[in-house]
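Only one structure is covered here, and it is reproduced in the block below.
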Amino acid sequence: MLILAKAVLAMMIGFIFSILLGLILIPILRKIKAQQKISVFLKEKHKQKEGTPTMGGLIFIIPTIVTIITFLLSGKIEYSENLFIIMFVFVAYAILGFIDDYLIVKRQNNDGLTEIQKLIGQLLIALVFFYVFMRSGNDPILHIYTLGIKIDMGWFYGIFLLFVLVASSNAVNITDGLDGLAGGLSAIAFIAFGLISWGSHVPGNEAMAIFCFVLVGSLLGFLFFNTYPAKVFMGDTGSLSLGATLASVAILTSHEVTFIVVAGVFIVETLVSLVQMISLRFYGKKIFLMSPLHHHFEKLGWDERDIVKMFWVWGMLLSMAAIAFGVWI
């Protein structure tokens, strides 16, 4: 019961804080013209979204950071190096995304950081992750509990970290294309990993679980402003941070395979985009009407809200299966 009470309290604090911040921040973003630029390929369907404020990821990032620091200072949770890694990745990717969003707003087009600049930033973050991870006494071992396999990856584990962080952050970024889609799926995924963290019985994981539930509450507050019709978009500030942090929690709880299930919708969205790109480049043909997958359904005539609800349902089903597998079975 104490665990449940802590989880509910963490979510409530995150939710209230993000609602209050959203009411303050959105008018400021409008005033400084931090506006979303809609791709020319989406003008037909999303014309009304032109000018919607971006950088809204701050609405769930700031409350989560402030709440966790407050919990640490008041002794409600204990500091651990795993918690440091999670907070570092969360903040570092948010800063990387914020710089990208800022450049897009400043230049009044969709050209932010170059791919090389983003990769360099992500490489530095992965190196810090790897250094702290190894210094805290962890072994660079990939656990595949389902098959009873342990793979000692040695220094290659650092490359593995970089790949997972980059892939996950970009997967959420790709999915962030409809009102409430990425935010809702992320909230569902972090609920799953909050429960998995608490069920891992590893010292320091309770603090990670609290982090997950505070973030879930903050995301629910963000969705108050982001669901259709969206009053604000999370931008790269939010999407890059969410994806990388979700992957980090999976790695630190040794549930990388479970992560594939929890992030199933994000992964499918990414694979569809990859397949479409390869098909166009080498065969000059489209397999899907448009990528990512949510835009394919839009081209089929589906209402945006129905697409989001369907993706949320799939995300929830996959997360429930992952929780049962990762905690119970």
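Summary table
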{"read-out": "Evaluation of Lys150 against (1) under 21 Å from Ile267 (Cβ atoms); (2) in a strand (DSSP E or B) (one fails), failing number", "value": "(1)"}
{"read-out": "Residues of region 278-292 satisfying the condition of being farther than 18 Å from Leu178 by Cα and either of a type in the set (D, E, K, R) or touching a Gly at 6+ places or on another chain (Cβ under 7 Å) (or both)", "value": "Arg281, Lys285, Lys286"}
{"read-out": "Residue list for region 241-295, filter: in a loop (DSSP other than H, G, I, E, B), under 22 Å from Gly184 (Cβ atoms) and among the small types (Gly, Ala, Ser)", "value": "Ala263, Ser291"}
{"read-out": "Output for region 129-150, where each listed residue is modelled with pLDDT under 75 and among the hydrophobic types (A, V, I, L, M, F, W, C)", "value": "Ile144, Leu147"}
{"read-out": "Region 231-251, subset of a type in the set (A, V, I, L, M) and out of contact with any helix residue (DSSP H, G or I) (no Cβ under 6 Å at 6 or more places or on another chain), residue surrounded by the most Cβ atoms within 10 Å (Cβ to Cβ)", "value": "Met234"}
{"read-out": "Pair list, Cβ under 6 Å, 6 or more apart: region 265-289 residue of a type in the set (Ser, Thr, Tyr), other residue surrounded by fewer than 12 Cβ atoms within 10 Å (Cβ to Cβ)", "value": "Ser279/Lys285"}
{"read-out": "Yes/no for Gly158 being under 29 Å from Leu271 (Cα atoms), in contact with a Cys (Cβ under 9 Å, 6 or more places away or on another chain) and touching a residue at least 12 places away in the same chain (Cβ under 8 Å)", "value": "no"}
{"read-out": "Scan of region 106-142 for residues that are touching a residue at least 24 places away in the same chain (Cβ under 8 Å), surrounded by 15 or more Cβ atoms within 10 Å (Cβ to Cβ) and of a type outside the set (A, V, I, L, M, F, W, C), ordered by number", "value": "Gly112, Gly121, Gln122"}
{"read-out": "Meets criteria (under 16 Å from Gly184 (Cβ atoms), touching a Pro at 6+ places or on another chain (Cβ under 7 Å) and among the β-branched types (Val, Ile, Thr)) for Val232", "value": "yes"}
{"read-out": "Region 107-147, subset touching a helix residue (DSSP H, G or I) at 6+ places or on another chain (Cβ under 8 Å) and assigned to a loop (DSSP other than H, G, I, E, B), residue nearest to Tyr93 (Cα to Cα)", "value": "Leu113"}
{"read-out": "Candidates Ser291, Ser319, filtered to the one that is under 19 Å from Thr258 (Cβ atoms) and among the polar types (S, T, N, Q)", "value": "Ser319"}
{"read-out": "Within region 252-287, tally of residues that are crowded, with 24+ Cβ neighbours inside 10 Å and aliphatic (A, V, I, L, M)", "value": "4"}
{"read-out": "Inter-residue pairs, beta-carbon under 7 Å, first surrounded by fewer than 17 Cβ atoms within 10 Å (Cβ to Cβ) and in region 297-321, second of a type in the set (A, V, I, L, M), 6+ apart", "value": "Lys299/Leu289; Lys299/Met290; Leu300/Leu289; Trp314/Val265; Ala321/Val261"}
{"read-out": "Residue in region 89-108 that is charged (D, E, K, R) and closer than 21 Å to Val249 by Cα present", "value": "no"}
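Okay, residues lined up against (1) of a type in the set (A, V, I, L, M); (2) closer than 27 Å to Asn110 by Cβ:
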position	(1), (2)
Val164	yes, yes
Phe190	no, no
Gly199	no, no
Ile210	yes, no
Gly221	no, no
Asn226	no, yes
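The values are calculated or read from the model by the stated rules, or taken from the named source; none is laboratory data. None of the values given here were measured: they were computed from a predicted structure. Here Cβ is always computed from backbone atoms with ideal geometry, including for glycine, and neighbour counts include all displayed protein chains.
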